[in-house]
Amino acid sequence: MGTRVESDEDGDNKGSMWELDQKLDQPMDEEAGRLRNMYKEKSLGVVYGDLGTSPLYVFYNTFPNGVKDEDEVLGALSLIIYSLTLVPLLKYVFIVLRANDNGQGGTFALYSLLCRHAKIKTIPNQHRTDEELTTYSRSTFHERSFAAKTKRWLEERESWKSAILILVLAGTCMVIGDGILTPAISVLSAVGGIKVNQPDMNSSVVVLVAVVILVGFFSLQHYGTDRVSWLFAPIVLLWFLLIGGIGIFNIWKHGSRVLKAFSPVYIYHYFKRGGKKGWTSLGGIMLSITGTEALFADLAHFPVSAVQLAFTLVVFPCLLLAYSGQAAYLMNNMAHSQDSFYRSIPESIYWPVFVVATAAAIVASQATITATFSIVKQALAHGCFPRVKVVYTSRKFAGQIYIPDINWVLMVLCIAVTAGFENQNQIGNAYGTAVVIVMLVTTFLMILIMILVWRCHWILVLTFTCLSLIVEFSYFFSVIFKVDQGGWVPLVIAGAFLVIMYVWHYGTLKRYEFEMHSKVSMAWILGLGPSLGLVRVPGIGLVYTELASGVPPIFSHFITNLPAIHSVVVFVCVKYLPVYTVPEEERFLVKRIGPKNYHIFRCVARYGYKDLHKKDDEFEKKLFDNLSMFVKLESMMEGCSDSDEYSLYGQEKELLPRDGLLNNNGSTFSSNVEFTINSIDSIVQVKSPPPHVSNNTVRSSGQVSSQTEIDEVEFLNNCRDAGVVHILGNTVVIARRDSNFFKKLAVDYIYAFLRKICRENSVIFNVPHESLLNVGQIFSV
């Protein structure tokens, strides 16, 4: 049914969202117009499915014990109208969506934006050259500005960096909770409508039907959102037109007095008359805005303009009509609050609406599942989630992914929630708790975005903060009263995922700190001589490390325990940056470590949190192409510059892929551009040599055998033909004996267990087993 591109098996993923963005930015291009129109249609299918199915269960969860009088219905409807206006429309569609990271949404996209504008990332693996990426966009501000003061204040306080990370992780965990609860409540509410027509049907039968649908739904996820959105977009559009039309019919049939709810005065009367009961009913009313956070998290799949246009022209008016129509029906049938949606449907179209409602509920589930996959992928890139398999389900669009492990965990938990709760009201209470916490997290991150990224005036920041927190804290305190009525479920689920993510990040951070503090000095390397005190055997050794600078301790551990090392050693650092993507022509940084006759290099492969790590053979080819280009340009530079100097303390030369110097395959060189030689102390701009200077003018000084002079590029090719070995460190982290109980529990048990069950680095890097060498190390934290 669909074409899959797997990160483990199929490396041919020719399309990219960066290329798509370039196409979408060309309004005169016919293909770009076709893609834009296609996206506007598909955004209805995946992004708004969750919001669209809320009318199935909002009034039931608001009035689980029935309605007393008309004013109660008008007050609830007024709250729904202004909740939809303030939160999804004004806050998310017109403000939060603008905070996307080059089209990427979700809490980690906001965190990436913040990491680029302030040094708050807890793993400091960034280099100043990373800031020169074309996708590393960030604002600059005056040092005396409020933004600059806020930036310095955050950077000087490690506790606040950790607090922001925990806030982001909490929001991510609640989105995962949404991915469990949305399918449960949406499908169960849709299928439960059959009891209106068949009142004698047992509730267990309804639950069984819902479970069967959910199993089928999760089993089809591997086909990807591309196929799913094409299949369901027409259904969701039909659903919105149906609920809007039914709403108009009910307003016409039961009276237009329901439109008085557009006056906010009825909100005041609702709380005045209802007291604590009216306050706690906010948990049910808040379900009218569920799916809003999925709208933002799913942004990676669709352009902002398509999402905004679909919401303002279709979704928002249809939802207002649907809720108004149900309220009009309830004002005349106050005993039908538990199934007001299905009872308000004209009898002649009951079954067609039931079928469309069930299909729309499945699409609503797809919205949160898609959001969950996207945000877990972002967490992976930030080192905040155990390594899991990521399957790219579309050759055209790299942002469309499927994560099998997460999918099956969600399915099991979703079925447990569906079958375990006694009624929809308890699921609704749980759902509301998860949604409101995600919204609060987004609000806190948006405050920092408005200060550091947008540099808004403090009055605007204060206005946004006050309005958002007043609305969301009102909902938050209302759902707190229902923690014992189902609200505990998302807290337990999110707590479990938060422990997993934070412990994994803690272990990753400690491993990085260990490598940083245990780096091998350049003086020690130079003291070993060109042979490194060993036999240099033909071949190339790719030593994988998390360090972007310095010699990792795994190297000294390797050469002190083995009698031989390869003729060429390349330290490979694969690191993810807080950007959505790194263009292919800027992906690799190549450095030389030590004198030429040592034949030691470093290659830093940089990825964004959306990028796909290609298959080993393609990655190797690009790595060696860039390495060869570096050697050629270095030799040409030496023909017209004497700036090649080495200090005993390890200055390193670095070739930066900038100004068009290197392309995708590293095969072109322009003699009219500049390239950069970067040392630890300074960056020296060196003009490229004139055209008459050949790369054969200067020969490599590296000698391995009795040959007196061999071109280094030819030497590299010969070593590559002799064989390439991938050397990976298998660092084991253990807690010190004097550590407290919680640290031992986190490191020796939770982190150790996660490392055992997650995917190995060799699988993530697509390293063939026949050329893999693991080097073990143990260190205490």
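The values are calculated or read from the model by the stated rules, or taken from the named source; none is laboratory data. Everything quoted here is computed from the prediction, not taken from an experiment. Here the Cβ is made from the backbone with ideal geometry for all residues, glycine too, and neighbour counts use every protein chain on show. Surface accessibility is based on the protein's heavy atoms, side chains included, excluding ligands, DNA and RNA. Shrake-Rupley method; radii C 1.70, N 1.55, O 1.52, S 1.80 Å.
Of the residues ILE559, LEU577, PHE588, the one whose Cα sits farthest toward the positive end of the charge dipole of the range 532-619, with +1 on the Cβ of Lys and Arg and -1 on the Cβ of Asp and Glu, is ILE559. Can you flag which of LYS377/LYS510; LYS119/LYS161; LYS151/LYS519 are past 20 Å Cα-Cα? Listed pairs above 20 Å: LYS377/LYS510; LYS151/LYS519. Counting Lys and Arg as +1 and Asp and Glu as -1 over every other residue whose Cβ lies under 11 Å from the Cβ of VAL265, the net charge comes to +1. Note on exposure: THR134, THR442 ranked by accessible area (1.4 Å probe, complete protein assembly) read THR134, THR442, with the most exposed listed first. Summary of the geometry: the range 345-417 and the range 237-271, compared by the centres of their Cα atoms, lie 31 Å apart.
Solvent-accessible area of GLU70, probe 1.4 Å, all protein chains present, reported in Å² to the nearest ten, please. Solvent-accessible area, nearest 10 Å²: 70 Å².
For LYS756 and VAL412, the difference between the fully extended length at 0.36 nm per residue and the C-alpha to C-alpha distance is 121.7 nm.
For the range 410-453, list residues with backbone N below 13 Å from a point placed 7 Å from the Cα of VAL205 toward its Cβ? Output list for this probe position: empty. This model, with +1 at the C-beta of Lys and Arg and -1 at the C-beta of Asp and Glu, gives the range 52-207 a dipole about its Cα centre of some 800 debye.
Amide hydrogen proximity for ILE593: with H placed 1.01 Å from N in the peptide plane, the residues at 5 or more positions away or on another chain lying under 5 Å are ILE600, PHE601, ARG602.
State which entries of LYS253/LYS276; LYS195/LYS276; LYS121/LYS621; LYS389/LYS591; LYS389/LYS575 exceed 23 angstrom in Cα-Cα distance in the structure shown. In this structure, LYS253/LYS276; LYS195/LYS276; LYS121/LYS621; LYS389/LYS591 lie more than 23 Å apart at Cα. Length gained on full extension, ASN730 to LEU460, computed as 0.36 nm times the residue gap minus the Cα-Cα distance: 92.2 nm.
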